[in-house]
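Working notes, beginning with the structure itself.
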Amino acid sequence: MHTISPKLIETVLFSDESITSLKNENDFGAAAKIFLEMQKRDWEQSIEGYYSLNRVQIKSFEFDGFKIKVQYNPDRLISSSANVDKDFIQKRKCFLCLENLLKGQKGFLYNKEYIILANPYPIFPEHFTIANINHFPQRISDIFYMMLSLSRSMSRYYTVFYNGPNCGASAPDHLHFQAGNKGFLPIDDDYNKLKELYGEILHEEYGFVCTAVDDGIRRFVAFEGEMEDSLIYAFNLFLGTYRSLQKTEDEPMMNILSSFEAGTGWRVIIFLREKHRPALYYSTGEDNILLSPAALDMGGVCITPREKDFTNITKDILAEILNEVCIGEELFGLLKSELKENLKKI
């Protein structure tokens, strides 16, 4: 870990009166929208990234009760093929540290600890990276509360998401979240149908609901409620249960989506992972498919940075990939049983 000097922070901060006013009202969603438009106007990398986004191709596959899209996005090649080997990570410069940001890249502070940045290689129509200003490792256990806070502060327009250090984070050594447009991911529209068709209520009390869902290719646990303390407590119970079942001292593999709506509160979807990348990612020749699932893929937008993969991928191949990287049915059954019992402590 290293700590950033206030002088360096000042050099990358974006200053604008309208953004300051919205921050004071805790409307970071509106502030981020204004900030992004200014970066798209003034920052060359952002101009190029969003110009490229206009050229992406999309195709969609219908499953029973839900949809999965595939996006051909060549600008995501660096992220999809990122080397996350520990030796490589230790040797390379961290691209989320303030001193290593791209030329012209600016940001604005959230809660004095995080900086909201325009993602230079967007997937969403509006895509942000929210990085800690210090070089802490990617770990959700102590900062889940911050994810809830961010998703409420940005709730007017955006969903916040988290990729675990071993299943999707291209900077596993630097604590960060991302955010993008609400309604962009198919699971935003499909969630209630998924609960109805494939869901099992594990706990429901005092406005808090925990649901486990297995739609045949993805397995996830979802928390819903307005009481922040209950959500944090439930998440800690889940994390302890999940870590024990995965028999690891490290963070168990997961991707998380968090959104907030006034009147109903938070919805937190936790995709349960067993593998970082599928076997087809490592195959040779024509069988190779460069698809490295993370939160957005699990939420229904799978990213293929190569045109051949976009062309060749089928509904069956997509289902095989997502099913392979999620935990198996047996472990999911154990998790449901133990979590149901542990949640009685709420």
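Bear in mind that the values in this text are calculations on the coordinates, not laboratory data. This one's a predicted model, so the numbers in the text were calculated from it and none came from an experiment. Cβ: placed from backbone, ideal geometry, glycine included. Neighbour counts: every protein chain shown.
Note on the chain: helix-only mean residue ellipticity at 222 nm, from DSSP H runs of 4+ residues weighted -39500 (n - 2.57) and normalised by residue number, equals -11000 deg cm²/dmol.
Quick one: Cα centre-to-centre distance for the range 301-346 and the range 209-225, in angstrom? If you average the Cα positions of each part, the centres end up 11 Å apart. Charge dipole (Cα centre; +1 on Lys/Arg Cβ, -1 on Asp/Glu Cβ; no other charges) of the range 6-345 amounts to roughly 700 debye. Charge dipole of the range 123-190 (Cα centre as origin; +1 on each Lys and Arg Cβ, -1 on each Asp and Glu Cβ, all else neutral): 200 debye, rounded to the nearest 20.
Take every Cα pair under 8 Å in the range 61-179 that's 6+ residues apart, average their separations, divide by the length, and report that relative contact order as a whole percent. List each step's numbers first, then the result.
Details: 139 pairs, mean separation 29.7, N = 119.
The value is 25 percent.
Each Lys or Arg adds one and each Asp or Glu subtracts one; over the other residues with Cβ under 12 Å from the Cβ of L22, this totals -1.
Say a site is exposed when it is one of the trypsin sites (Lys or Arg not before Pro), sits in a DSSP loop, and has at most 11 other Cβ atoms within 10 Å; what is then the longest site-free stretch of the chain? After excluding every exposed loop site, the longest remaining stretch is 113-246. For the range 45-193, a simple Cβ point-charge model (Lys and Arg +1, Asp and Glu -1, everything else neutral) yields a dipole of about 240 debye relative to the Cα centre.
Counted residue by residue at 0.36 nm each, then reduced by the alpha carbon distance between them, the extension gain from E196 to S337 reaches 48.8 nm.
Taking only alpha carbon atoms, the chain gives an Rg to Rh ratio of 0.94, where Rh is the Kirkwood radius.
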